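The values are calculated or read from the model by the stated rules, or taken from the named source; none is laboratory data. From a predicted model like this one, the values you see are computed outputs, not experimental measurements. Cβ: placed from backbone, ideal geometry, glycine included. Neighbour counts: every protein chain shown. With ligands, DNA and RNA removed, areas are computed over all heavy atoms of the protein, side chains included. Shrake-Rupley method; radii C 1.70, N 1.55, O 1.52, S 1.80 Å.
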Amino acid sequence: MSAIIESAMERAQAGVAPQPGPVTVRLLRDDAADRARWDAFVQACPQATFFHRAGWQRVIEGAFGHRTWFYLAEQDGVIRGVLPLAQIRSRLFGHSLIALPFCVYGGVAADSEAARRQLDDAALALARSLGVGHLEYRNYTPAHPGDPAWQGKDLYVTFRKAIVADDEANMNAIPRKQRAMVRKGIKCGLAGEVDDNVERFFTAYAHSVHRLGTPVFPKKYFALLKEVFGDDCEVRVIVREREIVAGVLSFFFRDEVLPYYGGGMPVAREVAGNDFMYWNLMQASAARGCRLFDFGRSKRGTGAFDFKKNWGFEAQPLPYEYHLVGSSAIPDVNPLNPKYQLFIRVWQKMPLALANAIGPYIVKDLG
């Protein structure tokens, strides 16, 4: 009998708990069983979000063609942490490694400090080997407070608020002026319908982002989100009789609803279509058992920021972190940057069909 086995038997007989094994890091395997284990950890880990789910690997690779690295940390055969990463390499917008592009939350989700450190080390080693400008974590809570190697910027906030099962209570929680807009939509005869495809939603979304001067995501991206996430990805369209007014694509995670992409037709402004849309989603989500409405990320100083505040939601800063690798400064790729204003004005004047054709080639590198 080996000395190791004898020692283990002696510890067991003495009632001494076995020492935990080392934490190791590896990539997520391309098989259903490994993805199921990953998602089970995400569902149970308080630090994890919908954007840590394994399905994002298929979405980002399939819709945009970006390379991904989905790292998991294990100890004694148990997953202790996950870190999904994707690389964006663009002549216009730079070279980056992000956890996770096209997602508002990300970074490391772990239930032990050892797992967190190992995943950090793996990400930094990958970032250096790829020669990226920076590594970005889209944290919901600070991950490296006080560490000078990780920089932040005060740009993004998120808006989250509890909802209850009672429609009247939820309605009364909306400030008076915004509540009046919701009631206007109700009086205009608006109604919500859930679709099993993204066709009508995409029409409303594409019109909306074109008016804002923003490149449109490809329709296949939304279709892939619906295919990958199934019932946890809802496509809701607001109509007046048979006329499309607005549409929203939402995610469901635990007891949260996250309206993520939305837009309205020109008529939406006349009939308070966007206000009714979010109220209609809130009603349906509360009935489904959701108890938290996540209005999502906005930039300070934008119309979306003001709209969400007017709904009575408090802004919560998002402590995104940047570890500079090849770059000398934090990137500033956002519509508020003055150098993009001419591009936005030109885009707004472009025919919608042309904008929808060109947009996907640009937006895939914005992340």
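When the solvent-accessible area of the stretch 57-99 is split by element, carbon and sulfur atoms take up 41 percent of it, the probe being 1.4 Å. Sequence-distant contacts, meaning Cα pairs under 8 Å at least 6 residues apart, place the relative contact order of the chain at 20 percent. What share of all Cα pairs of the stretch 138-238, in percent, falls into each consecutive 10 Å distance bin? Result, from short to long distances: 11, 23, 34, 25, 7, 1 percent. The Rg/Rh ratio for the chain, using Cα coordinates for both the radius of gyration and the Kirkwood hydrodynamic radius, is 1.02. Can you tell me, using C-alpha contacts under 8 Å and at least 6 residues apart, the relative contact order of the stretch 181-323 as a whole percent? So the answer I get is 25 percent. For the set 105, 260, the ranking by accessible area, highest first and with no ligand, DNA or RNA atoms included, is 260, 105 under a 1.4 Å probe. Under a Gaussian network description of the chain, with springs only between Cα atoms under 10 Å, the residue in 152, 303, 289 that fluctuates furthest is 303.
Note: the stretch 224-285, Cα convex hull, 88 Å³ per residue.
The orientation-averaged projected area of the convex hull spanned by the Cα atoms of the stretch 81-164 comes to 7.2 nm².
Computed over the chain with a Gaussian network model linking Cα atoms closer than 10 Å, the most mobile of 274, 172, 310 is 172. Computed with a 1.4 Å probe over protein heavy atoms only, the accessible area of residue 299 comes to about 50 Å². Taking a label point 7 Å from the Cα of residue 292 along the Cα→Cβ vector, which residues of the stretch 111-130 have an amide N closer than 19 Å to it? Label zone hits: 111-112.
With semi-axes defined as the square roots of five times the eigenvalues of the C-alpha gyration tensor, the equivalent ellipsoid of the stretch 74-215 measures 39, 22, 16 Å, largest first.
The chain: longest stretch without exposed GluC sites (Glu not before Pro) (DSSP loop, at most 16 other Cβ within 10 Å), sites themselves excluded? With a cap of 16 other Cβ atoms within 10 Å, the longest stretch comes to 1-240. Computed over Cα pairs, the Kirkwood radius of the stretch 13-157 leads via Stokes-Einstein (1.567 mPa s, 4 °C) to a diffusion coefficient of 81 µm² per second. Straight-line reach from residue 308: taking Cα to Cα under 16 Å and skipping same-chain neighbours fewer than 8 places apart, the aspartates and glutamates in range are 275, 294. Each label point was placed 7 Å from the Cα along the Cα-to-Cβ direction; for residue 196 and residue 327 their separation is 4.3 nm.
Here the Debye sum runs over all C-alpha atoms of the stretch 206-312 as equal scatterers in vacuum, and log10 of I(q)/I(0) at q = 0.19, 0.21 Å⁻¹ comes out as -1.12, -1.35.
Within the listed set 247, 213, 81, the Gaussian network model of the chain (springs between alpha-carbon atoms below 10 Å) gives the highest mean-square fluctuation for 213.
The 1.4 Å probe gives accessible areas that order 120, 39, 196, largest first, as 196, 39, 120.
Between beta-carbons, use under 11 Å as the cut-off and find the net charge around residue 20, counting Lys and Arg +1, Asp and Glu -1. Neighbour charge sum, excluding residue 20 itself: 0.
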